[in-house]
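K.L.:
Here it is, the structure, as structure tokens.
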Amino acid sequence: MTKTYRGAALFALAVLLVIPGTALATTGTARHNHVVKGLDWLHTRQRATGGFSYLSTSSSPYDTPWAMLAIAAGNNGPQRWKRAGKNPVNYLQSIDLTSAASTSDNVPKYYALCILAYHAAGRGDLVHSAGSTQIDLVAKLESYATLTSGYFSPVVGSTNRATETTAWAVLALTSENETGAVVNNAVSWLKTDAVIDPTDDQDPLWPSRGGFGLQPATEAHTSYTGLVLQALNAQGVANGDPVVQNAVDFLGRQQRSNAGFVETPGADIAYASTPATSWAAEGLRASGVDPADWVRVDHNGARNDPYGYLIRRQKLNGSFNEYASDIGNVMFATMQSIIGLSTHTLPIRLTQGNDVTRHYDPWFRKGTVLPKNGTKFKVRTVTVKASYRDNTHGTGIRKASVRVRVDGASKTRAATITGSHLSLTLTKLKDGSHTVVFTIADHAGNGAHATRRFTVAVPTPSPSPPPSNTPPGGGNTRPGGGTGGGTVIVPTSRPTTAPSSSATPAQSTPPTANIPGTTLTPMPSATPTFPLTPAPSPSATVAGVVVNGSRGQGGGGSGAAGVAAAIAALVTLACLGAFLVRRHLLDTMSGASRGYVLHEGGSAWQRFWKPAGTPPAPPQE
């Protein structure tokens, strides 16, 4: 390649790196949607006291002011964000801010941060009576000013952390509309003494030229430079001022090919971070530069801008990682990224029309949670269902979070669940009251639940009368025993005719008079030998009915039912036989009392006594 073409190629590449990437820039609408997702996650970090913290269940006095700035940057009113009826302003007013400042890394910076947070919430009236001890935050902050030089420092009379502290003080006093020597001297000090502008390219600070460090004569940082640019802009320093332009140039040297910014000069692309990129974006906006125009081409040929870099660091739950390969300080990275993606710069004031709050918890669609409370069912199969959704541009319903419990027992696995709907059919429900609880959550962790109560009362059917199946001749029916059918012959009446017997003796006519010398001779008869044996079966007919003892729709009875029926019939026949034998015996004995003799001679009494010896002789005439 000739030198001419090589130069042309390098020029074309330079044009690609610096021309505004309007068509590729992240649009304001897309940025706003990602801000909403970030706020969705931040909402889950609010605690019952109204403040915020990352993992602790207690609020943090250091995270809370930053969270208030992020909420206001998302065009929400921090005072409207409530948990258990308390908002972040309530939390700050409930703690000792002097004590909180003393345990921070920079006391005057903490006072300045709280002043900005109160104004972001629209409660600037509390700045002079802040916290549980009612301190004047402005007076506390100004006590750290060096009147002769103009800078602010946590160590009076020293420039230790003076650049950072002075920039925060200027922003806080600007939000208070403070004017006069204190503010003017602080701005002058930043422009003349804080900026790093070495003219010797052999100076160790040459890479930091135009930027700002933690304090004078120290390595410049992206975050401190972005902070100072916002402070200068707040006090009306023109965008064309050389100090501003040199600082913007410094920021440009800290951007990497992935469009992210590193914190210090010379840092590798792996150290590009969301906080540094956010501070750079805020500083650029304050200087009249649109960060979306700062497009870079990475090694894959992809074109990116700072906003796109921030968006790529956002996770599904709405939070932001600090680095591409390390989550880092998620809480601080998320709050900074929300501010970086917004259209705001410090100080953030709650403007009219922005004092609102979005609905960040998911919810159940009206009228879709069924059955309605108090519904009464006369069946044992009931279908329960619910439809739900998350807030617009939120993180969305997490399907794995959807749960349903019935009477305290989980029925989730049996339900049909989507990202917007749940349906479950309950069967074999018992009579009584039942409770169904639906729970849902979005990817950020915001949750909601709905409870429904209904009653099942299945009517008991009236018992059917037994079928009338009385055969001719009357009689009663008795169902067969056991679980199966059976046939039982039930007698309808006692027999009225004595059973006939082939051994019944013929009866002789008794004499009408006792004539001496006359012997009574009975009529010939087939008289059985004593004792008499009853006939094997009576000749009398027993009327009865056949009863089907089956419980079901048909089918034969069990063996037990048949045995029971047979035993019942045998007992009846045995009793009847015993009755007939006893009656025949009595009839025979009564014949003996009237003088009748048996066929083979002698009376029944004589036959009865024969086994015991010789019976008494018959009477002689």
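The values are calculated or read from the model by the stated rules, or taken from the named source; none is laboratory data. Being a predicted model, the structure only gives us computed values, none of them experimental. When we count neighbours, we look across all protein chains shown, and the Cβ atoms used for this are built from the backbone with ideal geometry, even at glycine.
Residue-by-condition table, conditions (1) under 16 Å from the mean Cα position of the chain (by Cα); (2) in contact (Cβ under 8 Å) with a residue 12 or more places away in the chain; (3) surrounded by 16 or more Cβ atoms within 10 Å (Cβ to Cβ); (4) assigned by TED's automatic domain parsing to the domain that holds GLY28:
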site: GLU322; (1), (2), (3), (4): no, yes, yes, yes
site: ASP326; (1), (2), (3), (4): no, no, no, yes
site: PRO371; (1), (2), (3), (4): no, yes, yes, no
site: SER387; (1), (2), (3), (4): yes, yes, yes, no
site: ALA414; (1), (2), (3), (4): yes, no, no, no
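K.L.:
Right, next: Which pairs have Cβ atoms under 7 Å, sit 6 or more apart or on different chains, and link a residue in segment 240-254 that is more than 18 Å from ALA276 (Cα to Cα) to one that is part of a helix (DSSP H, G or I) and not hydrophobic (A, V, I, L, M, F, W, C)?
P.N.:
VAL243/LYS191
K.L.:
Is there any pair linking a residue in segment 283-306 that is free of Cβ contacts under 8 Å to residues at least 24 places away in the same chain to one that is of a type in the set (Phe, Trp, Tyr), with Cβ under 7 Å and at least six apart or on different chains, and which?
P.N.:
Once the first residue is free of Cβ contacts under 8 Å to residues at least 24 places away in the same chain and sits in segment 283-306, its partners that are of a type in the set (Phe, Trp, Tyr) give PRO291/TYR307.
K.L.:
Going through SER99, SER53 one at a time, which residue ends up being hydroxyl-bearing (Ser, Thr, Tyr), in contact with an Asp or Glu (Cβ under 6 Å, 6 or more places away or on another chain) and modelled with pLDDT of 95 or more?
P.N.:
Just a single option satisfies the conditions, and that option is SER53.
K.L.:
Would you mind listing the helices (runs of 4 or more DSSP H) fully within segment 56-158 where at least 3 residues are surrounded by fewer than 21 Cβ atoms within 10 Å (Cβ to Cβ)?
P.N.:
Helices (runs of 4 or more DSSP H) meeting the threshold: 88-94, 97-102, 137-142.
Yes/no per residue for (1) in a strand (DSSP E or B); (2) touching a Lys or Arg at 6+ places or on another chain (Cβ under 9 Å); (3) at positive phi:
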| site | (1), (2), (3) |
| --- | --- |
| ASP361 | no, no, no |
| THR368 | no, yes, no |
| ARG380 | no, yes, no |
| TYR388 | yes, yes, no |
| ALA400 | no, no, no |
| VAL404 | yes, yes, no |
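K.L.:
Related question: For LEU214, are the conditions met, namely being surrounded by fewer than 22 Cβ atoms within 10 Å (Cβ to Cβ), in the same structural domain as PRO108 (by TED's automatic domain parsing), hydrophobic (A, V, I, L, M, F, W, C) and touching a residue at least 40 places away in the same chain (Cβ under 8 Å)?
P.N.:
yes
Residue-wise test of (1) assigned to a loop (DSSP other than H, G, I, E, B); (2) at pLDDT 95 or above; (3) more than 25 Å from HIS119 (Cβ to Cβ).
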position	(1), (2), (3)
ASP200	yes, no, yes
GLY210	yes, yes, yes
SER223	no, yes, no
LEU229	no, yes, no
GLY236	yes, yes, no
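K.L.:
Further question on the same structure: Going through THR395, THR439 one at a time, which residue ends up being among the hydroxyl-bearing types (Ser, Thr, Tyr), assigned by TED's automatic domain parsing to the domain that holds ARG380 and either exposed (fewer than 12 other Cβ atoms within 10 Å of the Cβ) or assigned to a loop (DSSP other than H, G, I, E, B) (or both)?
P.N.:
None of the other options fit; the residue is THR395.
K.L.:
Okay, moving on. What is the number of the single condition among (1) free of Cβ contacts under 8 Å to residues at least 24 places away in the same chain; (2) in contact with a helix residue (DSSP H, G or I) (Cβ under 8 Å, 6 or more places away or on another chain); (3) of a type outside the set (S, T, N, Q) that TRP206 does not meet?
P.N.:
Only one criterion in (1) free of Cβ contacts under 8 Å to residues at least 24 places away in the same chain; (2) in contact with a helix residue (DSSP H, G or I) (Cβ under 8 Å, 6 or more places away or on another chain); (3) of a type outside the set (S, T, N, Q) is unmet by TRP206, namely (2).
K.L.:
A follow-up question, please. Mind telling me which of the residues SER423, SER401 ends up being among the hydroxyl-bearing types (Ser, Thr, Tyr), outside the structural domain of ARG83 (by TED's automatic domain parsing), under 27 Å from GLY318 (Cα atoms) and in contact (Cβ under 8 Å) with a residue 24 or more places away in the chain?
P.N.:
Just a single option satisfies the conditions, and that option is SER401.
K.L.:
Here is a further query. If I filter segment 161-176 down to residues being over 15 Å from LEU346 (Cβ atoms) and not small (Gly, Ala, Ser), which single residue comes out as surrounded by the most Cβ atoms within 10 Å (Cβ to Cβ)?
P.N.:
Here the residue is THR163.
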